[in-house]
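The structure under discussion appears below in the form of structure tokens.
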Amino acid sequence: MFQGMFALFHRALNVDFRLTRTHLFRFLFAVMILFSLMMAHTTSRFMAAAGLVFFTQIIYLNFVFIIMAGISFFATAITEEKEEQTIGLLLMAGVNPISLLLGKSLPRLVSALLLLSVQFPFTLLAITLGGVTFSQVISAYIALAVFLFFLSNLGLICSVVCARSRSASTLVVLSLAFYFFGIPLLKWILLVMVQQGWISAGSIINFYPKLILDWLSQFSVLSQINRILISGFSESPWNMQFWGNLIMGIILFFFACLLFNRFALTEISTSPGRGLIAKKKSHYFSPGRSWSNALIWKDYFFLNGGYGMAVIKLCCYGIALMALCIFVAYLSRSYSREEFALTVFWTMLVVLIIEISLISARVFHVEVQWNTMVSTAMLPQSMSKTAYSKVIGCLLSLVPVCFYLSIGFVLCIDEMLYDLGMVLSEPGFWMMFIEVLFFWHLTALLSTYIKWGALPLAFVLMWVGNMFFFFSASLITLGGGARAIESLYIVFTLAMFVGIVVSHFVIKERLIQLASR
Amino acid sequence: MSTQPPMVEVKNLWVRYGKYEAVKGISFSIPKGEVFGFIGPNGAGKSSTIKVLATLQREYQCDTVKINGISLNKAPHLIREIIGYMPDFFGVYEDLTAREYLHFFAAAYRIDRKKRKAIVNDVLELTDLTGKIDAPVDSLSRGMKQRLALARVLLHDPDLLLLDEPASGLDPRARIEVRELLVALKEMGKTIIISSHILHELSQLCTSIGIIEAGEFVTQGSLDHIYKRLELSRVVHVQIVGEMNGVCENIEAMPGVKSVTVQADRLAIQLQEDQLAVEDLHAKLAATGVKIRMFQAEAMDMETVFMKLTEGKTA
């Protein structure tokens, strides 16, 4: 019965072993542990409980990696087979759905667990550095391992239900958002309702939901890690979080098996779909005839939804901003035009950053995914022009967010100009600005190399890079004062700027290479 | 003597992927209006050569690679305006309709906005896709997508068409449709380089062929030239009305006839054309007094040529 599972398991581990990037990833992880160890060693000279600092860093590093793995690695277990249209072939080969699910998810879970287990001996060094007990180390790793099990099954069910890797990853993100923030949010709402006197504290409406929410909040791995990292922790590792995550993982796997035939065997269209784009020329949302720069036209309409999506974004952002402003006004009890403008501006700035991040992950990736690079490369224009045209086409989709952003800016223009004047002279501001630009370029570059997960990978790389930089900066500038730190910021900013310029050439060369395949 | 440069001129072309040598110093020249068939087993170097000509292969060494007299590495953008390339495996923008797809490429090729509609209609008519103009590309069959890609290639009216396995994976009907389309393009005077495994179809279309194996040309030239060089015989199918007594012996006795095989409803006569032309065989048969119902010379057997010249090696 499980012959197929073993075949898939064996193949996945073989492929994993042969890929250079797997070993590079492990190497990167080892470097980070070593780096954390160095940090702990250095800080131990002037800080007590350096082991706890080291241990905390390692545990949170693992936590971030597990989250990233859940979004990209586990969420694509079945969708990658759907996209390759090979599920039918596997079933024809006698692999039953349970074996298929186990064969696809188990190797990924084992790879991730191996990564956790190999670092365990190094983490024990935290005990010798001081501030951590053996029971804390064991509890933390058990908490992470069981969370990993839960997340792998969450990814699996999302992968079964969704047709594409992208939608599966999005569903995992939403589920995780609910897992981490849903219960605290519901608890907070309940608290506000009690505080406002809408419900009484002793009523059934408050008591039982609060009891359930308190019970559920014990399932959170984040709360458990925070508890473990407190000095003097001596609880059993077999607690509510362990059993809760384990049982939820088993239930999710059970549901994945149940839903497999309903979703995984449905014929999925290989086309990305037109969305709101109308075929009729007379329709408002019709792309009409191609613009003089055809690539801008195509990417604006067919990659970013065109006019239809712009209208939807305008409406949705408008409603969301209005709700947010009302909420903030309700909390602060007094609300001025400046406050309203600042709420709009900063919210839209965050949305802008998110939108550009998503664009950078897609702009070139779709051409690679649909094997269309060769047709675009044959156009009588340079690859640079093709690439920039595509980017411009995507950036046009930012008009709605820029519209609200500019409203926010204009409504508090005096304050904004004053703030700008302050921050423009700060090297830290420029470093942050260039860093965000570098992140987008890195995402775009990675998306031409990897099938999925360019955005999370770029995020992790930037996070690791930052950690490395700030620690190195603190060591280099030890006793050097603010000027030394500022000089280092400037050097780092310039280095990233050079990196951005280089990335333009690298992306161009990569696109040419992809077109010739 | 013509002063026109050949449409394609390649001298000593090498393509290497690391240590692997895909193309080993091949040279050839294709005059304008020719249909050149590129034949070879998988991994012989056909696609690599075509990719060089399509300006997509960055790393290669050569003495000369010129298209219409323009050196390839000096002005690739100029070359792209005069060539149309259809790879063996390609994707199409599946979320667009056929009309949007072609208008997109017409605009990308900087075709005048006023002329675009007429050109798109022309290429759709040529590729017999007019009825599918508003169909989403993803709803088209593989054969139709292939024809749509060919329509896209024709939009800017290129002088040279580079077609890498244009009929691969198509059903017999779609293959015939593509072949007919290529015949029409040949009649329009386009120079075509076509690689294919379907040798029978190439023999009906190509004016010259090049057989490549393990990155090197085994032979090249016109089909007749190659057949003569290999001393291959042509098969003529003849249906004769009435009694066959002694007819086979009479035909076998004719100089230039290698053998006569009696098949279910016809005779298959193997002929050495350098000794007896097909039309002379007809005249001689008629002179014997037999009543001929059908007389059909089979197209040259390119499969025999291919098998005789290649050994199944890869580079």
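Details
- Residue pairs whose Cβ atoms lie under 6 Å apart, separated by 6 or more positions or on different chains, with the first residue in the stretch A:504-515 and within 12 Å of another protein chain (Cβ to nearest Cβ) and surrounded by 15 or more Cβ atoms within 10 Å (Cβ to Cβ) and the second polar (S, T, N, Q) and assigned to a helix (DSSP H, G or I), are A:K508/A:S384.
- Restricting B:L154, B:L102, B:L150, B:L124 to those that are within 11 Å of chain A (Cβ to nearest Cβ) and among the aliphatic types (A, V, I, L, M) reduces the list to B:L102.
- Taken over the stretch A:17-38, residues that are open to solvent by 30 Å² or more (accessible area, probe 1.4 Å) and part of a helix (DSSP H, G or I) amount to 15.
- Residue match in the stretch B:157-164 (condition: open to solvent by 60 Å² or more (accessible area, probe 1.4 Å) and closer than 18 Å to B:E125 by Cβ): yes
- Matching residues, the stretch A:399-419, being closer than 27 Å to B:R110 by Cβ and touching a Leu at 6+ places or on another chain (Cβ under 8 Å): none
- The residue list A:F470, A:F433, A:F429, A:F439 contains one member that is surrounded by 17 or more Cβ atoms within 10 Å (Cβ to Cβ), within 24 Å of the chain's Cα centre (by Cα) and not small (G, A, S), which is A:F439.
- The condition of being in contact with a His (Cβ under 8 Å, 6 or more places away or on another chain), of a type in the set (D, E) and either away from chain A (no Cβ under 11 Å) or without any contact (Cβ under 8 Å) to a residue 60 or more places away in the chain (or both) holds for only one of B:E165, B:E177, that being B:E165.
- Within the stretch A:119-170, the set of residues being hydrophobic (A, V, I, L, M, F, W, C), under 19 Å from A:Q85 (Cα atoms), open to solvent by 10 Å² or more (accessible area, probe 1.4 Å) and part of a helix (DSSP H, G or I) comprises A:I157, A:V161.
- The number of residues in the stretch A:73-100 being on the phi < 0 side of the Ramachandran plot and open to solvent by 20 Å² or more (accessible area, probe 1.4 Å) comes to 15.
- Looking only at the stretch B:270-297, and only at residues there that are in contact (Cβ under 8 Å) with a residue 24 or more places away in the chain and assigned to a loop (DSSP other than H, G, I, E, B), the one that is nearest to B:S259 (Cα to Cα): B:Q272
- Filtered residues of the stretch A:178-207 (kept if of a type in the set (S, T, N, Q) and open to solvent by 90 Å² or more (accessible area, probe 1.4 Å)): A:Q195
- Any hit, the stretch B:173-194, residues being among the small types (G, A, S), open to solvent by less than 30 Å² (accessible area, probe 1.4 Å) and in a loop (DSSP other than H, G, I, E, B): no
- Within the stretch A:105-118, tally of residues that are open to solvent by 10 Å² or more (accessible area, probe 1.4 Å) and farther than 26 Å from A:F180 by Cβ: 1
- Close pairs from the stretch A:175-197: first over 28 Å from A:V161 (Cβ atoms), partner assigned to a helix (DSSP H, G or I) and open to solvent by 70 Å² or more (accessible area, probe 1.4 Å), Cβ under 7 Å, at least 6 apart: A:L190/A:K210
- Considering the stretch B:30-67, the residues that are polar (S, T, N, Q) and within 14 Å of chain A (Cβ to nearest Cβ) include one that is most open to solvent (accessible area, probe 1.4 Å), namely B:S47.
- Pick from the stretch A:326-345, criterion over 17 Å from A:V410 (Cα atoms) and in a helix (DSSP H, G or I), ranking: modelled with the highest pLDDT: A:I326
- For the stretch B:105-121, the set of residues classified as open to solvent by 60 Å² or more (accessible area, probe 1.4 Å) and either over 15 Å from A:W297 (Cα atoms) or away from chain A (no Cβ under 11 Å) (or both) consists of B:D112, B:K114, B:K115, B:K117, B:N121, listed by residue number.
- Summed over the stretch A:368-397, residues that are open to solvent by less than 10 Å² (accessible area, probe 1.4 Å), more than 18 Å from B:R58 (Cα to Cα) and facing chain B (nearest Cβ under 8 Å) total 1.
- Identity of the residue in the stretch B:289-304, open to solvent by less than 70 Å² (accessible area, probe 1.4 Å) and at pLDDT 70 or above, that ends up nearest to B:V247 (Cα to Cα): B:V290
- The residue that is surrounded by the most Cβ atoms within 10 Å (Cβ to Cβ), among those in the stretch B:87-99 that are of a type in the set (D, E) and either without any contact (Cβ under 8 Å) to a residue 60 or more places away in the chain or at the interface with chain A (Cβ under 7 Å from one of its Cβ atoms) (or both), is B:D95.
- Any hit, the stretch B:71-86, residues being surrounded by fewer than 22 Cβ atoms within 10 Å (Cβ to Cβ), in contact (Cβ under 8 Å) with a residue 60 or more places away in the chain and under 25 Å from the mean Cα position of the chain (by Cα): yes
The values are calculated or read from the model by the stated rules, or taken from the named source; none is laboratory data. The shown structure was predicted, so the numbers you read here are calculated from the model rather than taken from an experiment. Cβ atoms come from the backbone with ideal geometry, glycine included; neighbour counts cover every protein chain shown. Note: areas computed on protein heavy atoms with side chains; ligands, DNA, RNA excluded. Shrake-Rupley method; radii C 1.70, N 1.55, O 1.52, S 1.80 Å.
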